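Quick notes on the structure that follows.
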Amino acid sequence: MTSLATMIARWRAVNWPALIFGVAIVSLWETLVRALAPSQSLFPPPSYVMWSLYVRFDLLMEHAWPTFCQTLVGFLLSVVLGVGLGWIISKSRTLFEALYPVVVVLQVVPKEALAPLLVLWFGAGMLSRTVLAFLIAFFPMVINTIFGVRSLNTAMRNYATSVLCNRWQFLTKVELPWASTSIFAGMKISVTLSVIGVVVAEIVAGRNGLGYLLLFAASRLDMGFSLAILLVLALWGGVLFAAVVLLERRAVYWRR
Amino acid sequence: VLIPCCVFLAIGAGWSLAVSAFNVPPLLLPGPIAVFRTIVEERELLFQAAASTLSEIVLAIAIGVVTGFATAILVGMSSLVRRTIFPYILATQVVPKVALAPILIAWFGIGMESRLILAFLISYFPMVINTLAGILGTSDAMLRYAQSLAASEWQILVKVRLPAAVPAILGGVKITTGVAVIGIVVGEFVATDSGLGKVIIDSSASMDTALTVAATLLIGTLGLALLGALELAERRIVYWQPGP
């Protein structure tokens, strides 16, 4: 009986309109393209995209690994250094007044434009892409950390002083938990940005990676494969985002 | 204001000193003076490219803001439409849409259309999400007050929801502006037929690094100027909220 009840509950929880809409769009795309498009390679139906994904899976994975690794490294670097710098800036009034406007300005500058210069400085390999991913993802982390740490109220600060907690305890038991919501919000922004950074660098100059493969496939007008690559990139973005959300649920367990 | 300016001056001075002290070859990184000289020498080329880039950016922002706003109003009116479409709109946020550049070029050629479509696709969704968050985030008290005065749905939208949503909508316009710049510039990197992106790609291919740096700095300045102008406009429009 309970299993039936949970089944019904799950059945009700499914967002049916959205599901139907998605299926309708995909089938409409499939039928329209099959009926009207002059070339399946240039205007591929969804089935052809999935077929390219299946047939060229090995090639895809070979190019996906570098992209996956570089986004991860760029993202993790931006989190570690961003939280570090954000914390340092928010601890000192002078540093805050001097550097916060600079950080805000740098956050606004379109760093994607740096891609060709980074390729010139660091070569067309891994380093330039990781650096671009890091640069794009870094500033939202700094700003969100500063925002989180500075939002700590005086009552909490006084309480922490009154129970004689030392600097390390203050950092790990008061400041970081307090700032965690804001830091995780920054991570959700940064994680998507790091994928964008790597892909832009790969498109501008590269010998491997999904961005390079995409440019190559699109220049051969193999749009089925191009869309399959885009799908993999989108899934990777989704996986990273979901990982951050799961991590947040684990870490910020008290704010369910 | 004074201290941050000093920091930027210090960065410039450090750049200049480092280049002359370590004898960095100008092929790798020219000093700020060399870059400035290039800007003056190549002013016609740079000015034309910047004008082309800027006009495309402004066009992309206009399209993104108008369509995003209209979509949000339509989606906000009906909870069924919202439930149907919103999950997909949210899902687009994790898709690296700049990767569409090569695909769009294959479909629409290396002209302005591809870049505008790319910038539109990047800037449309944040605008929808922000506007929607604004008009749906109206406080219950305000809504009930309006209903108690027998306001129609339309009146509630125009007189209650939209004014309350102005800060969120302006936030959306700012995001749209930032990403439209990225969309156009990345589009120019891939579809190199005009604009500052083309100047950057061409000059880096011919190892004219001073020109590359100059064009990159110009793009940064363009982005900053657009957002600075929006910031000023925001303070005028949302006068009831204190500045940061």
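The values are calculated or read from the model by the stated rules, or taken from the named source; none is laboratory data. Because the structure is a prediction, the values reported are computed rather than measured. No Cβ is skipped: glycine too gets one built from the backbone with ideal geometry, and neighbour counts run over all protein chains shown. Keep in mind that these areas ignore ligands, DNA and RNA; they rest on the heavy atoms of the full protein, side chains included. Shrake-Rupley method; radii C 1.70, N 1.55, O 1.52, S 1.80 Å.
Sorted by accessible area (1.4 Å probe), largest first, how do A:Asp58, A:Asp222, B:Asp140, B:Asp202 line up?
On the way: A:Asp58 125, A:Asp222 25, B:Asp140 100, B:Asp202 70 Å².
From most exposed to least exposed: A:Asp58, B:Asp140, B:Asp202, A:Asp222.
Label B:Leu45 and A:Met61 with points 7 Å out from Cα along Cα→Cβ: what is the distance between them in nm?
Label at B:Leu45, label at A:Met61, 4.7 nm between them.
Once fully extended, how much extra length lies between A:Ser219 and A:Ser39, figured as 0.36 nm per residue of separation less the alpha-carbon to alpha-carbon distance?
Result for the pair: 63.2 nm of gain on full extension.
Sorted by accessible area (1.4 Å probe), largest first, how do A:Met126, A:Met187, A:Met61 line up?
Working: A:Met126 110, A:Met187 20, A:Met61 55 Å².
The ordering from most to least exposed comes out as A:Met126, A:Met61, A:Met187.
Mind jotting down a quarter of the surface of the convex hull over the alpha carbons of the protein assembly as shown, in square nanometres, one decimal?
In nm², the orientation-averaged hull projection of the protein assembly as shown is 30.1.
Run the numbers on the range B:53-83: which residues show a drop of 10 Å² or more in accessible area, chain on its own versus all protein chains together, using a 1.4 Å probe over heavy atoms?
At a threshold of 10 Å² (probe 1.4 Å), the residues of the range B:53-83 that become less exposed are B:Leu80, B:Arg83.
Can you give the accessible area of B:Lys159, probe radius 1.4 Å, in Å² rounded to 10?
It works out to around 150 Å².
State log₁₀ I(q)/I(0) for the range A:131-217 at q = 0.14, 0.16, 0.18 Å⁻¹ as given by the Debye formula over alpha-carbon point scatterers of equal weight, solvent excluded.
-0.61, -0.69, -0.78
Treat every Asp and Glu Cβ in the protein assembly as shown as -1 and every Lys and Arg Cβ as +1, leave all other atoms uncharged, and give the resulting dipole magnitude about the Cα centre to the nearest 20 debye.
Roughly 1840 debye for the protein assembly as shown.
Suppose each label sits 7 Å from its Cα in the direction of the beta carbon; what would the B:Val7-A:Leu235 distance come out to in nanometres?
So the two model labels end up 4.2 nm from each other.
For the interface of B with A, what's the total buried accessible surface in square angstrom, probe 1.4 angstrom, rounded to the nearest hundred?
Approximately 3700 Å² gets buried when B meets A.
Report the residues of the range B:138-162 in range of a label on B:Ile73: point 7 Å along Cα→C-beta, backbone N strictly under 17 Å from it.
B:152-162
Expressed in nm to one decimal, what extension gain is obtained for the pair A:Ser151 and A:Leu171 from 0.36 nm per residue of sequence separation less their Cα-Cα distance? Show your work: numbers first, answer last.
Values: separation 20, 0.36 × 20 = 7.20 nm, distance 1.40 nm.
The A:Ser151-A:Leu171 span can extend by a further 5.8 nm.
For peptide A:9-18, how many partner chain Cβ atoms fall within 10 Å of a residue's Cβ, on average?
For this peptide, the per-residue mean of nearby foreign Cβ atoms is 2.
Once you have all Cα-Cα distances for chain B, histogram them in 10 Å bins from zero and send the whole-percent values.
7, 24, 27, 22, 12, 6, 2, 0
Would you rank A:Trp87, A:Trp11, A:Trp254 by solvent-accessible area, highest first, keeping every protein chain in place and using a 1.4 Å probe?
Final ranking, largest accessible area leading: A:Trp11, A:Trp254, A:Trp87.
Residues of the range B:139-184 losing 30 Å² or more of accessible surface, assembly versus chain alone, probe 1.4 Å, please list them.
Output list: B:Ile182.
Give A:Lys188/B:Lys198; A:Lys188/B:Lys159; A:Lys91/B:Lys174; A:Lys111/B:Lys97; A:Lys188/B:Lys97 a once-over and call out the pairs whose C-alpha atoms are over 23 Å from each other.
With Cα atoms farther than 23 Å apart: A:Lys188/B:Lys198; A:Lys188/B:Lys159; A:Lys91/B:Lys174.
Can you grab the distance from the C-alpha centre of the range A:99-159 to the C-alpha centre of the range A:26-90, Å, no decimals?
Their Cα centres are 24 Å away from one another.
Do you know which residues of the range A:172-214 lose at least 40 square angstrom of accessible area in the protein assembly compared with their chain on its own, with a 1.4 angstrom probe?
Buried on complex formation: A:Thr192, A:Ile196, A:Ile203.
What ratio of Cα Rg to 2.2 N^0.38 Å holds for the range A:37-84?
Relative to the rule-of-thumb radius for its length, the range A:37-84 sits at 1.82.
Which whole number gives the average count of other chain Cβ atoms within 10 Å of the Cβ atoms across peptide B:216-224?
4
Looking at chain A, what % of the alpha carbon pairs are farther apart than 35 Å?
35 percent
Computed over the Cα atoms of the range A:194-252, what is the convex hull's projected area averaged over all directions, in nm²? Intermediate values should be presented prior to the final figure.
Numbers: hull surface 17.2 nm².
Averaged projected hull area, Cα only: 4.3 nm².
Leaving ligands, DNA and RNA out of it, work out the accessible area of B:Trp15 with a 1.4 Å probe and give it in Å² to the nearest 10.
Here the accessible area works out near 60 Å².
Could you give each residue of the range B:20-27 its phi-based ³J(HN,Hα) in whole Hz, using Karplus coefficients 6.51, -1.76, 1.60 with θ = phi - 60°, and x for Gly or Pro?
So the J values, rounded to whole Hz, are 7, 6, 8, 6, 5, x, x, 5.
Starting from a Cα-only point model with no solvent, please compute log10 I(q)/I(0) by Debye for the range A:29-150 at q = 0.09, 0.10, 0.14, 0.16 1/Å.
Summing over Cα pairs of the range A:29-150 leads to -0.45, -0.53, -0.76, -0.85.
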